[in-house]
């Protein structure tokens, strides 16, 4: 395994070999040559775009196309990067968005095992699968086209996420050291959320499918803009949270089972 560097001012990623690292050295030149690395049998091991880079890396019509067995670190100070996993069965183990730029995960195939957003902006196209998504800052969007595979885990401790997919487990909390709690807009159509944990974060539900278990331990979901009827099967709710009873009385929400009232306020 070797490291291939894209020098400041170059528009070409060069000719990495299977298993190589690909490192951008800085600058603001648009990278638009050599981005199709789908011929590499083992893909790339690591791709890194540093804070010293502020240009456009790929485009909607010519994204970096490769399997990445290790991680893609996007830390550019500004600009955009476009990436798509190579092939239906290929994956990217980890994407980290930690700068001030906009990471675009595009295409109609492939899987990202872990995506982590600390700052900047992250947008995932409708047909790319993300298994585990964590956010502690910035702005994220997970799109959906009706047939998208839902994430297993979504955790938002700060920043804002627009979630148009379901999620096996969605947790909104207040990440230590953050200026504000995690904020999630759930605009997921009929996609279900088996477990929703409101642990101090802000969850605004516009529409979604059935929530199997709702845990309100540090905050309550905001349902003031609920667009359609919602079914919640099991509810565990701290009744000392302001607005807890109003949530249980919401006219558009059907509670299949009686709520488990924790920190009980004395009412039946």
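The values are calculated or read from the model by the stated rules, or taken from the named source; none is laboratory data. Not measured: the values here are computed from a predicted model. Counting neighbours? That spans all protein chains shown, and the Cβs are built from the backbone with ideal geometry, glycine included.
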If we keep just the residues of the stretch 106-123 that are crowded, with 20+ Cβ neighbours inside 10 Å and modelled with pLDDT of 95 or more, which is nearest to residue 78 (Cα to Cα)?
120
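Could you go through the stretch 223-230 and let me know if any residue there is assigned to a strand (DSSP E or B), modelled with pLDDT of 95 or more and surrounded by 16 or more Cβ atoms within 10 Å (Cβ to Cβ). Before the answer, list the steps.
First pass over the stretch 223-230, keeping only residues assigned to a strand (DSSP E or B): 230.
Checking which are modelled with pLDDT of 95 or more leaves us with 230.
From the residues that got through so far, the ones that are surrounded by 16 or more Cβ atoms within 10 Å (Cβ to Cβ) too are 230.
Yes, the stretch 223-230 contains a residue that is assigned to a strand (DSSP E or B), modelled with pLDDT of 95 or more and surrounded by 16 or more Cβ atoms within 10 Å (Cβ to Cβ).
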Condition first: touching a residue at least 24 places away in the same chain (Cβ under 8 Å) and surrounded by 18 or more Cβ atoms within 10 Å (Cβ to Cβ). Now tell me which residues in the stretch 210-222 satisfy that.
216, 219, 220, 221
Per the filter on the stretch 22-35, residues surrounded by 14 or more Cβ atoms within 10 Å (Cβ to Cβ), assigned to a strand (DSSP E or B) and at negative phi are 22, 23, 24, 31
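Evaluate the following for residue 253: is it more than 21 Å from the chain's Cα centre (by Cα) and under 18 Å from residue 173 (Cβ atoms)? I'd like the intermediate steps shown before the answer.
Details: more than 21 Å from the chain's Cα centre (by Cα): yes; under 18 Å from residue 173 (Cβ atoms): no.
No; evaluated as a whole, the condition is false for this residue.
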Which condition number in (1) over 17 Å from residue 122 (Cα atoms); (2) modelled with pLDDT under 95; (3) assigned to a loop (DSSP other than H, G, I, E, B) is the one that residue 69 fails?
(3)
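Does residue 130 qualify as being in a strand (DSSP E or B) and over 26 Å from residue 219 (Cβ atoms)?
On the way: in a strand (DSSP E or B): yes; over 26 Å from residue 219 (Cβ atoms): no.
No.
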Which residues, counting only those in the stretch 126-147, are over 11 Å from the mean Cα position of the chain (by Cα) and either surrounded by fewer than 18 Cβ atoms within 10 Å (Cβ to Cβ) or free of Cβ contacts under 8 Å to residues at least 24 places away in the same chain (or both)?
126, 127, 145, 146, 147
